[in-house]
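A.B. asks: The following block contains the structure, expressed as structure tokens.
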Amino acid sequence: MKKRILGIMLSLLMVFSTVPAGVLAQEDSPADYGTPGVDYAEGEAIVYVDGGAAALNNTNSRSRSASAYETEELMTVEAAAEPAAENSPMLRSAAAQTGKSLVLVKSGQDTESLIADLQNNPNVEFAEPNYFVEAYGVNEPTDPDYTYQWALKNQLNPGSTSIPSADINAADAWKAVDTTGNTPVVAVLDSGVDYHHPDLENIMWKDGLNYKSLTDMGGGEYGYNAITGEDSKDPMDTDTGHGTHCAGIIAAEWDNDIGVAGVSPNAQIMAVRFLGQSGSDMAGAIRGYAYIQAAAKAGVNVVAINNSWGPSAVEGRQLRSVSTAATAIGRDYGVVSCFAAGNSNTNNDLNSGGIVNSPYVVTVGAMDSEGYRSFFSCYGKETVDVFAPGSQILSTTTTFTDAAHPMNTHVMPVQYLPQIQEDGDSYFYEDFENTSRVGLRLLDADGKVVETAKSSVLSPGYASDKGLQISLDSIQNDEAFAIEMVFNRDELKSIDTNALFNIAFQAGCDNAMYGQTFLLQYQDKDGNWQGIDSTQVLTKDPVSYLPARLRLSDHNWNQSTQEVNLPDFMEYKNPEAQNEVVLRLIPKPAEEGQQGVMSGKTADTATFRLDDVGFGKKASDYFYSDGTSMATPVVTGIAALLSTKFDSAEEVCARIKGGVNREEAQEDLKNASVSQGFVDAGAAFDDTQCVPVLNDLTIDGDTATLKGYFFGTQGTVSVGGQNAAITGWADNTITFTMPQGIKGKQEVIVTPENKDYGRNIFEVSTYVKGYSTLAAPDLKLDEFGDYDLRSADLYPLTMAATENKLAYLGIILESSKLKMSVYDIAAGKWDEKPVSLPENMVETPNLSFYSMTAGKTKFYLLYSAQEKVIKDGKETTKDIVRIGTYDPSAATWKTVDTELGGTEKLVVYGDKLLAVGGDDITVTDNGVTSTAKNSVLIINPETGATTGSLKDMPEGRSGATVSASGSTLMVHGGNNGLLNPDQKTYDNTLSYDGSSWNTYDDSFPAAGQFDANQTLDAAYTALNNNGMLAVGPVKDLDKAEMMDTWSFNAKDKAWAGDAGKLYSQTKTTQNIGAASGNQFYVLGYTGRDTEPLVFRSTTVDYTIL
């Protein structure tokens, strides 16, 4: 349709041209229309005719009869559209007539003969070929700071061939983009956007007040604020800068003679605020998604949503509702959702927190300018789709300030960046292009100068020809050292040290110190070296400030900049060098009291490079930042570019995942994502360059059907390293016969003919060892906005089992509602509806405030309640601790008040209900503290009263796992008090055999025992003879020897993996379990949208008395 519209527009231009039609018709030389089938459609013409298609049938004409033509009226040209000038050479006697039309004519003739025939008809004004057209792309931006935007075009080391250089190949994408369609709108779901920023104010979406459905939701001109208690109409980025930074990466205005340029030159930004320093939650994110969906439904051309946020990578919490929202808006309205992978340097395959897989979602890791995985970036061969630039990204930040939000309290305050600012903004600025007014000295661990560098030692600078460098060859790994920047006092004399001023420079260490931090020091008036605090507030209570530093987050150049308050700067004069002023960089120590040392040096040669050193009077409106939060908007911007040509969100996602650069990716990045590369925006527009994207695998018997994109010409498919027999091959679907003996989770690789491979990992069959797979719960528990909240949205808190029933309590984080589900063990199914809970329960996601256990027939729940009471004539809230007894046969609760504190752990031991440990709380004028209790109390569930006790534990425990089997009572983990100012966490085990306690020196989970950096959630149960079983933590993920089931043996006093059991090939989190009969039932979360929960049981040595 776009091509047809463009064709009509081109024809209209012919209509309104000042070139006489008669002249065009009277060319003596043959017309050169181009190549048929290449430049135009053979046998077709667009005709401007008076009287429409019917006028082509003119019996007085020598032309063919219109009956021989296939015609289509494209557009009627009104009389008002005719040229008005009386002396126009296009005016004829029929100029004032109406009924002129543009008509598409098709014929069996060749186009040249067809046009000649048509032009013989006096009603025909002109005829031309039906030309093929394409949208014109855009050139590169002219913004002054584009040079420093290495993500778009890497110009950091001009002329260098030895330094790797990676970027997203934006220029090729800009040439391919379609600029003629509707303006793409990108929603930035974040901390808001500074809609008055000079580089953003002209690209903001400002139509929010024009849609009643949006104003009814509380939206304003620029978007929506989903933070409860704030003005919903105002999404201003007041205190963070994060959303503004993302917005600038996506769409900062082009060619406006200031600042930076966005990835997408014609996108608009819709601001949706839900993140703030005061706190954020998923409910705000869902409210934001609901607003964006309403905008798309109302007709706003929303094409993508940027989500540079998420839970901690190792929390294992599911954002199921956000995933549901992202899938719905992608499916129904063609909107792509881009999510950050996280910044904790963890393997997301081992942590199912965050967004689950969806064909409408792209999960993004961060890379640096040389193609390495950024040291902080999360990764995952199954869970991260692609990498994008995320180290040292220059973009906009919020300029908003008021009394409540001074600039130095912002998370990303404006920075002094001398290389992009006016000369008048600096007291001193050295770019090394002509001379050097800065020297460098390298000091060893003893403070001895071992290297110096002055103006004679110049190197390539930061996106420039010259900088300063000094060799680090003499410093080896684990050796202390320091680097000094030396200035001439006279050069700095204009600095007003009585006012706040700025210190900034660009630096890098090549292959050394990557991911490490240098601290900046100066000499106080007595000559002592002191660390420098910036003015940026790090914590507010108590107040602390971010130290002045240089963090090496890129293998290449890194920005250091800080506003400081140093009234005694330059007061010290070294007697031996009175005209020197020195700043010192020292490696940040691993621990307080230690020296910082050289690290990461991988060769004998390393160099410290320096450029753009400045002392400033004022900051810019921009900020250098690192994070997957910065990589994500790069991809979102690419999605906006692709949306101008491709309508399907699924296809846009596939093009991003398939258009990847593997050749320039460093080895540590290649095995860190599904795509095994980083984004190539130009390749994403070209089917021939897009590698296969594997979205879905279904298996029916021996026949497998693989769906995805860019499969190209038939090649090979391998599953688990074995080639499969192909039975069908198309660009989006491949069918093949599964190789024999393949089971469990396997890597599938598609390699088309004459094209690079694509890969993904699928579970070709359920593979477990020693477990039975049961029906996982999938109940509708609640609604939030337009979305159902189901069992997979429940954050589990506690689980217990009677002889015949199993129950677990959890909380829906979006709505803060507690829900309890019951499983019938004999029937093998879950009750269709959740259990009604006691009234007035306190609803919080804190596991310490709920404990559930069970006897043979009933469940016992310890919880806190709040009730309104009248005190001194005023309504107030009373906190009550209660025990609820649930009888599943009658589906009834009986609740009683108890004198327990509420953090004890309940367990049925023999015929007694016990309350184990918990917190002894102390309230003073200085606040509330607690210590863990070592008591084991006997509780009467009918009255809530304490009727006796067992022998005290050897030490107090709060928040421990407590379970019993037969005469064995086991206590594992916990802490010395939830509010203990000297917090201590335990990882060992205590056991009670009916007469005495044993304390073991085991350590579980222990460092080095499992794969690193994973969620260590485990489901526990006691076993007979002082044993325990734990399910969850993984060792050797994706290997044949993978283990996730662990047992404690009292005789050996240690934990060991059980090679005969495997709960799940996919790492699970939020594991929770309970034993009944001889079975231990475990519920875990996988993070997959196809199977979010797994529920399995294994045979254990367990006894309920």
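A.B. asks: Which of the three applies to the range 130-271, rounded, prolate or oblate, going by the alpha-carbon gyration tensor with a ≥ b ≥ c and a/c under 1.5 meaning rounded?
C.D. replies: Oblate, since a/c reaches 1.5 and b/c is not below a/b.
A.B. asks: Let me ask you something else. Take the Cβ-Cβ distance between Asn408 and Asp216 as r, set R0 to 56 Å, and report the resulting FRET efficiency rounded to the nearest 0.05.
C.D. replies: 0.90
A.B. asks: Shifting gears a bit: Residue separation times 0.36 nm, minus the C-alpha to C-alpha distance between Thr142 and Gln714: what's the value?
C.D. replies: In short, 201.5 nm is gained.
A.B. asks: Could you please rank Glu112, Glu904, Glu201, placing first whichever residue has the fewest other Cβ atoms within 10 Å of its Cβ?
C.D. replies: Neighbour counts put them in this order, fewest first: Glu201, Glu112, Glu904.
A.B. asks: Contact order normalised by length for the range 950-1105, with contacts defined as Cα pairs under 8 Å and 6 or more residues apart; what percent is it?
C.D. replies: Relative CO of the range 950-1105 lands at 17 percent.
A.B. asks: At a threshold of 8 angstrom on Cα-Cα distance, excluding pairs fewer than six apart, so keeping six or more, what relative contact order does the range 415-619 reach in percent?
C.D. replies: It rounds to 34 percent for the range 415-619.
A.B. asks: Also: Could you size up the charge dipole of the range 693-763 around its Cα centre, putting +1 on the beta carbon of Lys and Arg and -1 on that of Asp and Glu, and report it in debye to the nearest 20?
C.D. replies: Rounded to the nearest 20 debye, it is 120 debye.
A.B. asks: Let me ask something additional. In debye, nearest 20: dipole of the chain around its Cα centre with unit charges on the Cβ of K, R (+) and D, E (-)?
C.D. replies: 3320
A.B. asks: Continuing with this model, one more query. I'd like the orientation of helix 649-658 relative to the chain: the angle between its Cα long axis and the longest Cα principal axis, in ° from 0 to 90, rounded to 10.
C.D. replies: With rounding to tens, the tilt is 80 degrees.
A.B. asks: Within 10 Å of each residue's Cβ, count the other Cβ atoms and sort Cys378, Cys509, Cys653 from fewest upward.
C.D. replies: Ordered by Cβ neighbours within 10 Å, fewest first: Cys509, Cys653, Cys378.
A.B. asks: Pick out, from Ser321, Ala603, Ser958, the residue whose Cα sits farthest towards the positive end of the charge dipole of the chain, with +1 on the Cβ of Lys and Arg and -1 on the Cβ of Asp and Glu.
C.D. replies: Ser958
A.B. asks: For the peptides 952-959, 231-238, 533-540, 174-181, what is the packing order when you average, over each peptide's residues, the other Cβ atoms within 10 Å and list the highest mean first?
C.D. replies: Output ranking for 952-959, 231-238, 533-540, 174-181: 231-238, 952-959, 174-181, 533-540.
A.B. asks: Also, quick follow-up: Net charge within 12 Å of Leu979 by Cβ-Cβ distance, Lys/Arg positive one each and Asp/Glu negative one each, not counting Leu979 itself?
C.D. replies: Here the charged neighbours net out to -3.
A.B. asks: Give, as ranges by residue number, the residues of the range 281-313 whose backbone N falls under 13 Å from the point 7 Å along Cα→Cβ of Ser1003.
C.D. replies: none
A.B. asks: As a test of the formula, what do you get for the chain when each DSSP H run with n ≥ 4 contributes -39,500 (n - 2.57) and the sum is divided by the residue count, at 222 nm and rounded to the nearest 500 deg cm²/dmol?
C.D. replies: Only helices count here, giving -3000 deg cm²/dmol.
A.B. asks: Right, here's the next one. About the Cα centre of the range 939-1031, what is the dipole size in debye to 20, counting +1 per Lys and Arg Cβ and -1 per Asp and Glu Cβ, all else neutral?
C.D. replies: Here the range 939-1031 has a charge dipole of around 140 debye.
A.B. asks: Can you tell me the length gained on complete extension of the stretch Arg549 to Asp423, counting 0.36 nm per residue apart and subtracting the Cα distance?
C.D. replies: 43.0 nm
A.B. asks: With just the Cα atoms defining each centre, how far is the range 767-793 from the range 232-286? Give it in Å.
C.D. replies: The range 767-793 and the range 232-286 have Cα centres spaced 35 Å from each other.
A.B. asks: Give the angle, between 0 and 90 degrees and rounded to the nearest 10, that separates the Cα long axis of helix 242-251 from the longest principal axis of the Cα atoms of the chain.
C.D. replies: 30
A.B. asks: Could you tell me how many degrees, from 0 to 90 and to the nearest 10, lie between the Cα long axis of helix 2-15 and the main elongation axis, the longest principal axis, of the Cα atoms of the chain?
C.D. replies: 30
A.B. asks: Expressed as a rounded percentage, what relative contact order does the chain have, with Cα pairs under 8 Å and six or more residues apart?
C.D. replies: Once normalised by length, the contact order is 8 percent.
A.B. asks: Toward the positive end of the charge dipole of the range 415-619, about the Cα centre and with charges on Cβ (Lys, Arg +1; Asp, Glu -1), which of Ser471, Ala512, Gln562 goes farthest?
C.D. replies: About the Cα centre, the residue reaching furthest to the positive side is Gln562.
A.B. asks: Based on the Cβ-Cβ distance from Val835 to Thr943, what FRET efficiency comes out when R0 is 30 Å, to the nearest 0.05?
C.D. replies: Working from the Cβ atoms, E equals 0.85.
A.B. asks: On to the next question. Name the residue from Asn754, Asn723, Phe132 whose Cα lies farthest towards the positive end of the charge dipole of the chain, charges +1 on Cβ of Lys and Arg and -1 on Cβ of Asp and Glu.
C.D. replies: After comparing all options, I get Asn723.
A.B. asks: Could I have the simple spin-label model distance between Thr76 and Val928, label points 7 Å from Cα toward Cβ, reported in nm to one decimal?
C.D. replies: Reported label-point gap for Thr76 and Val928 is 7.7 nm.
A.B. asks: Tell me the label-point distance for the pair Gln578, Thr892, using the 7 Å Cα-to-Cβ offset, in nm and rounded to one decimal.
C.D. replies: That separation, rounded to one decimal, is 9.7 nm.
A.B. asks: Taking the beta-carbon count within 10 Å as an exposure proxy, list Lys856, Lys1067 from fewest neighbours to most.
C.D. replies: Arranged by neighbour count, lowest to highest, Lys856, Lys1067 become Lys856, Lys1067.
Where a number appears in this text, it was derived from the coordinates with a stated rule and is not lab data. Here the structure is a predicted model, which is why all the values come from computation and not from measurement. Positions of Cβ are backbone-derived with ideal geometry, glycine not excepted, and every protein chain shown enters the neighbour counts.
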